[in-house]
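Visitor: I'd like to ask some things about the structure below.
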Amino acid sequence: PGVTLSFTSASDIMLAGTNTSRGELVVQGTLVADGTPAMPVTFASTSTTAGSWYGLDLDTGAHATVLDNVVIRSATYGLNYRSTRSGNMMKKIAIESGQSYGAYLRQGSPAIDALTVTSSGYGVFIAEASSPTLTNCVIRNNSSAGIYVTHNTPGRSVTVTNCTLNANGSYNIGVGSI
């Protein structure tokens, strides 16, 4: 906590974390992954198999994190968002081949602009106490659902604006309970 980790464009990152059988990056402070359209920051495993690493986890203490022009590939949970802190900026994120969830939004009020999720189990899985805002997103070709909402905390909301959902397995947007 309290540490800033920065990556510049064209960075390739692979780390090990809590799950010792697969790499993961757990952010408890600040992560700055600031790529460019031509040279995004890529988080991936050396294997192209979905689920070959755990993913990028913004833990409850993550704050002032910047994810801009980022690619997350072949993770179990591409982006696991649990942050309850403010100031996280996320835009132009591409998540490809997530084994379970492309984006797993669990806490806080994440605002994500220009999110693309393809070829994952669920594109975006919204659970627990998350109230996300998704704008300008493309969520397609996911095997289960494009966006699935299963809040377990009353009074939560989901805002989806100017997003394209196409060719997702069971449905493009689904609502259920856990």
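Each row is one residue, and each column tells you yes or no for (1) open to solvent by 50 Å² or more (accessible area, probe 1.4 Å); (2) outside any strand (DSSP E or B); (3) of a type in the set (Phe, Trp, Tyr); (4) closer than 18 Å to Thr60 by Cβ.
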| site | (1), (2), (3), (4) |
| --- | --- |
| Gly98 | no, yes, no, no |
| Tyr104 | no, no, yes, yes |
| Ser109 | yes, yes, no, yes |
| Asp113 | yes, no, no, no |
| Ser120 | no, yes, no, no |
| Gly123 | no, no, no, no |
| Ser131 | no, yes, no, yes |
| Pro154 | yes, yes, no, no |
| Ser157 | yes, yes, no, no |
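Visitor: Give the residue that is most open to solvent (accessible area, probe 1.4 Å), with candidates limited to residues of the range 65-84 that are farther than 13 Å from Leu115 by Cα and touching a Lys or Arg at 6+ places or on another chain (Cβ under 8 Å).
Guide: Step by step, filter the range 65-84, then rank; the result is Arg82.
Visitor: Just one of the numbered conditions (1) closer than 17 Å to Tyr81 by Cβ; (2) of a type outside the set (Phe, Trp, Tyr); (3) without any contact (Cβ under 8 Å) to a residue 12 or more places away in the chain is not true of Val124; which one?
Guide: Exception for Val124: condition (3).
Matching residues to (1) modelled with pLDDT of 90 or more; (2) more than 19 Å from Gln107 (Cβ to Cβ); (3) part of a loop (DSSP other than H, G, I, E, B):
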{"site": "Pro1", "(1), (2), (3)": "no, no, yes"}
{"site": "Glu24", "(1), (2), (3)": "no, no, no"}
{"site": "Leu31", "(1), (2), (3)": "yes, no, no"}
{"site": "Ser45", "(1), (2), (3)": "no, yes, yes"}
{"site": "Val71", "(1), (2), (3)": "yes, yes, no"}
{"site": "Leu79", "(1), (2), (3)": "yes, no, no"}
{"site": "Thr84", "(1), (2), (3)": "yes, no, yes"}
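Visitor: Next question, about the same structure. State which residue is surrounded by the fewest Cβ atoms within 10 Å (Cβ to Cβ) when the search covers only the range 28-41 and only residues that are within 15 Å of the chain's Cα centre (by Cα) and under 12 Å from Lys92 (Cα atoms).
Guide: The residue in question is Val41.
Visitor: Here is a further query. Which of the residues belonging to the range 138-152 are open to solvent by 60 Å² or more (accessible area, probe 1.4 Å) and either among the β-branched types (Val, Ile, Thr) or assigned to a strand (DSSP E or B) (or both)?
Guide: Within the range 138-152, Arg140 is the sole residue that qualifies.
The values are calculated or read from the model by the stated rules, or taken from the named source; none is laboratory data. Keep in mind that this is a model prediction, so the values were computed, not measured. Quick reminder, even Gly has a Cβ in these numbers, built from the backbone with ideal geometry, and neighbours come from all protein chains shown. Protein only, heavy atoms only, side chains kept; ligands, DNA and RNA dropped before computing areas. Shrake-Rupley method; radii C 1.70, N 1.55, O 1.52, S 1.80 Å.
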